[in-house]
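To start, the structure under review is shown below, and the notes come after it.
Every read-out reported here was derived from the displayed coordinates using simple, explicitly stated rules and does not represent laboratory data. Fair warning: this is a prediction, and the values are worked out from it, not measured in the lab. So basically every Cβ, Gly included, is an ideal-geometry build from the backbone, and we count neighbours across all protein chains shown.
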Amino acid sequence: MVADSKLFIPPTERESLFVHYLPYHVFPFMSLYPRNLNYRQSFSAPSLLSKFIDSIEVKLIKAEYREILRPFYFSGAVERSDIFVGFNKGNYFTGKENLPASVGSFYFIPRGQKVNAGTGPLNGKSPEHIESLANQAIRTEFTKSVNSVESGMGDNIISYVAFDTGLYNAFQFFPLLDLPAFSIPADDKFAHLLRELCEEKEQGRLGKDIIMKNYLGELLVHLFRFIDSKPELARSIDKLHYLTDVRLIDIVKYIQDNLDKDLTNAAIAKVAYVSGDYVGQFFKALTGRTLQDYIENQRLDRAMHLLKTVPNSVQEVAAMVGFKDAAYFSRRFRMRFNINANMIRHGKNHDT
């Protein structure tokens, strides 16, 4: 990390191979603003998270302000992405104990975790039980999207960002930790980043995707620092130990460097010094997904990037990422991204 390089203590050379292997640095820039020292500075040896932070890919799904129209609560809801919520105005509660959430505080809900949360009474009405705000029909019935000006005028406002956090571009990061949803007290850094994400998304100005990626990456870094500062949360980080296996790192690098080639189990097995019959089982045991599924997703992700950045045709891009049949590529691309590859090629991207 460029911004914090003076605090970084390198792990052993063998353990840090993945830092140099993987090409994605998702947090290249750090915005500047006054620091809030609510949690500890890390001058001691780095946590296990430092071994993975450069190999994490974060993708924005949604960022917006919402006004509460009707009071609600839900219990045992499971989110399909990572959710970071800011309580701007109004009365809210979180957790099984229904603890009040103070204005200015935050709530992080990792993907796949059950969560209990809700609002206080509103306009004399008691909260109604709902399934989850992930359901669009329910979300629009109980809340509405507002812009930054309207958010300053409303009495019951939240801001939130939804995102996916991947490791090695292979699997979802937070489900590996089995980290429960948790509250974060008022913090200037989180408030600044959440506000900038919502407003950049709303304004849609030139270069917003680049700016938002940097803000989201920075938010994730501060989230990791907060987790690392809380012993009751940091214990979950120990579950990452098994992912330091250098054979997995070798496999991931080889696949990413050779997407245009025929990636057979035999070829990949030679890289990791395991048998061709075992390599698929080895990869699935560590990542929870099949090797061929990972390869296809990597090819489709690379194709999405190329369709946005190079002038080649869809057929040429398909070949560049290892698909021999352009028609099959188009079908798989649409299944993955819910949009036609030709639309991306012609700049008709869908809004995330």
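Across the chain, where is the longest run that never hits chymotrypsin sites (Phe, Trp or Tyr not before Pro) in a DSSP loop with at most 10 other C-beta atoms within 10 Å?
Numbers: sites that count: F43, Y273.
That gives 44-272 as the longest site-free run.
Any idea how far the Cα center of the range 64-114 sits from the one of the range 154-216, in Å?
When both Cα centres are located, 14 Å separates them.
At q = 0.17, 0.21 Å⁻¹, what log₁₀ I(q)/I(0) does a Debye calculation on the Cα points of the range 245-345 give, no solvent, two decimals?
Values, matching the q order: -0.75, -1.00.
Sort M212, M320 so that the residue with the fewest other Cβ atoms within 10 Å of its own Cβ comes first and the one with the most comes last. Mind dumping the intermediate values first?
On the way: M212 19, M320 16.
Least to most surrounded, the residues fall as M320, M212.
Report, to the nearest 10°, how far helix 188-203 tilts away from the longest principal axis of the Cα atoms in the chain, using its own Cα long axis and a range of 0 to 90°.
80 degrees
Hey, could you pull the Cα Rg and Dmax for the range 249-288, both in Å?
Both quantities, over Cα of the range 249-288: 9.5, 26 Å.
With the dipole of the range 271-352 worked out from charges on the C-beta (+1 for Lys and Arg, -1 for Asp and Glu) around the Cα centre, which of Q315, M343, Q292 lies farthest toward the positive end?
Working it through, the farthest residue towards the positive pole turns out to be M343.
Would you mind estimating how fast the range 48-239 diffuses translationally, via Stokes-Einstein at 20 °C and 1.002 mPa s with the Kirkwood radius over Cα pairs, in µm²/s?
126 µm²/s
Could you line up M343, M304 from fewest to most neighbouring Cβ atoms inside 10 Å?
Ordered from fewest to most neighbouring Cβ atoms within 10 Å, M343, M304 come out as M343, M304.
Which angle from 0 to 90°, rounded to the nearest 10, does the C-alpha axis of helix 246-257 make with the longest principal axis of the chain?
80 degrees
Using Cα atoms only, what is the angle between the long axis of helix 208-229 and the major principal axis of the chain, expressed in degrees (0 to 90) to the nearest 10?
Once rounded, one gets 80 degrees.
Could you give the dipole magnitude of the chain about its Cα centre, charging the beta-carbon of Lys and Arg +1 and that of Asp and Glu -1, in debye to the nearest 20? Walk me through the numbers before you get to the answer.
Details: 43 positive and 40 negative charges, 76 e Å.
Using Cβ point charges on Lys, Arg, Asp and Glu, the chain gives about 360 debye.
With contacts defined as alpha carbon pairs under 8 Å and 6 or more residues apart, what's the relative contact order of the chain in percent?
On the way: 566 pairs, mean separation 63.4, N = 352.
So the answer I get is 18 percent.
Taking the Cα centre of the chain as the origin and placing charges on Cβ (Lys, Arg +1; Asp, Glu -1), which of A134, M153, A191 is farthest toward the positive end of the dipole?
A134
Scan around A77 for amide H atoms under 5 Å from its own, H built in the peptide plane at 1.01 Å from N, and keep only partners 5 or more places away or cross-chain.
V115
For the range 48-239, what relative contact order do you get, as a whole percent, if you take Cα pairs closer than 8 Å and at least 6 residues apart?
32 percent
What is the dipole size for the range 223-352, taken about its Cα centre, with +1 at each Lys and Arg Cβ and -1 at each Asp and Glu Cβ, in debye to the nearest 20?
So the dipole magnitude of the range 223-352 works out to roughly 320 debye.
Using the 10 angstrom Cβ neighbour count as an exposure proxy, how do S148, S159, S105, S126 rank, fewest first?
Ascending Cβ contact count within 10 Å gives the list S126, S148, S105, S159.
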